[in-house]
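For reference, the structure discussed in these notes is given below.
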Amino acid sequence: LTQEGQKRLSGELGEGIGDYDYNNANDTANFCPGLQGGDSDDDAEGFADDPSAESLPPPSLEDITTYGEQDLVPEPHRVNKIEINYAKTAKKMDMKRLKNGMWSLLTESPDKPSQETDAVEKTEVFGEKAFSQTTQILLQRLPNTMAQNLSVPLAFVALLHLANEKNLELVKVEDMSDIIIRQGH
């Protein structure tokens, strides 16, 4: 190692530096090194033709002030908390059973409700059915736990699955209060 490197390692290099005076003018008078800077990167090079830049006086240390408590912006108005009722626990639903129940409702004829033989596979929706009425009947036919967990969005998701699988047509009512379900072609 060189002599200077040994001095660095031993800490002798800082011996010539005296104690720091924390009460010097630069620390106590809101010192801002950018105000004095001749080597600042923010020089106005290229803007020499701007007459407004020349008319501004350079800022002085007296212009720099600190904000007191009375100069702060007031606290913003807080919005009242509104309680929104939403499901806080996940509902469990047997979607396969829900879809099967809904499909049997959609395919039964009004003449013989659920009296058809199970041997004949029902492949088409008989006539037109309303979604709201189908959901109400479905609530009565499902087991208690499934009926309690059934919501309109879950029933609608099951209907969308059936519409995709069985080629169903969903038609809106003019006032958008219900959906008409019929067999697509």
Under a crude label model (7 Å from the Cα following the beta-carbon direction), how far is Phe156 from Tyr20 in nanometres?
6.5
Probe 1.4 Å - accessible area at Glu124, Å² to nearest ten
110
Taking a 1.4 Å probe, which of Leu138, Leu170 shows the most accessible area, and what order do the others take after it?
Leu170, Leu138
Working out 0.36 nm times the residue gap between Gln183 and Asn164, then minus their Cα-Cα distance, what length gain in nm do you get to one decimal?
5.7 nm
Which value, in Å² and to the nearest 10, is the accessible area of Val152 when all protein chains are kept and the probe is 1.4 Å?
90
Sort Lys96, Lys129 from largest to smallest accessible area, using a 1.4 Å probe on the heavy atoms of the protein chains.
Lys96, Lys129
Going from most exposed to least, what order do Arg141, Arg78 have by accessible area with a 1.4 Å probe?
Arg78, Arg141
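The values are calculated or read from the model by the stated rules, or taken from the named source; none is laboratory data. All of these numbers come straight from a predicted model, not from anything done at the bench. Using ideal geometry, Cβ is built from the backbone for each residue, glycine included, and neighbour counts are taken over all protein chains shown. When the accessible area is computed, the model is the full protein with side chains, heavy atoms only, and any ligands, DNA or RNA have been set aside. Shrake-Rupley method; radii C 1.70, N 1.55, O 1.52, S 1.80 Å.
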